[in-house]
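I have placed the structure first, in the form of structure tokens, so that the comments after it can refer back to it.
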Amino acid sequence: MVRLFSYYYVIAAILLMPLSASAINQKGDSMTNIRNIKHAIQPLQTLVIEEYSPAYQDQVGDLIVTVQTAYGVKKPDGSPITIKDQPDLENIANFYQQGTYGPGSFLIARKDSIVIGTAALVNIGNQQAVLRKMFVCKDHEGQGIAKKLLHSLVLWAQANGIKEILLGTIEKTFIGAVGMYKKKYGFEPIDKDKLPTNFPIMSVDDIFLVSSVDKLLEKFA
């Protein structure tokens, strides 16, 4: 509060000072300086993308369920989806980072200590991985966070010998995301009966997509 008060006191003092003729001519520069002062004083919120750690488990679960609820994701019986319906979120390290068929990745995007986005790859063997849990807090949509998360996962895949990335989602619910995956990143539809044996199918998924890591790297080049 002291810092904020001091800032507005300084700005008020500048604005109320009598202006000479030369000062009036330099009014534009003064206002620019004021904006620069404001920018410099505001606390910085640097976006950090990093591997998940247990300290963020509760935040990750809350974020994902909140976004799912906002988009109307429901269980097959029509009831709201909860954290208990997603056992993978109860042990992220084992399910994603260690994996059954090889190591995977679970990334979080945070500003300061607040988680605002997630994205994960499940290693299913045979140099393939499945994109899961791609969610961004609605207040931070449109800021390129999903793109940065996906790019980070693609780089991880390249470094860890993954050649192909697949995903399943709900077409009507996430129609915008489906369009983005197809048009912007070159994902192509794949029939459900042609999915790899180890693909972890979710009961609510009704569309499946696939892309090579090489193609994705070209899109991010």
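Bear in mind these aren't lab numbers, they're just calculated from the coordinates by the rules spelled out. What you see is a predicted model, and the numbers here were worked out from it, not measured in a lab. All Cβ positions, glycine included, derive from the backbone under ideal geometry; neighbour counts span all protein chains shown.
Quick look at the values:
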{"item": "Net charge contributed by nearby residues that have their C-beta within less than 11 Å of Gly186 (K/R +1, D/E -1)", "result": "+2"}
{"item": "Cβ-based exposure ranking for Ser152, Ser79, in which fewest neighbours within 10 Å come first", "result": "Ser79, Ser152"}
{"item": "Among the listed pairs Lys84/Lys148; Lys84/Lys133; Lys111/Lys147; Lys147/Lys219, those beyond 18 Å (Cα-Cα)", "result": "Lys84/Lys148"}
{"item": "Hull-based mean projected area of region 35-162, where the convex hull spans the alpha carbons, in square nanometres", "result": "9.4 nm²"}
{"item": "Region 162-195: trypsin sites (Lys or Arg not before Pro) in DSSP loop, at most 13 other beta carbons within 10 Å", "result": "Lys163, Lys172, Lys184"}
{"item": "For region 121-221, alpha-carbon Rg over 2.2 N^0.38 Å", "result": "1.02"}
{"item": "Within-9-Å neighbourhood charge of Val204 [Cβ basis; K, R +1; D, E -1]", "result": "0"}
{"item": "Residues whose placed amide H lies under 5 Å from that of Gly117, excluding near-sequence neighbours", "result": "Ala109, Cys137"}
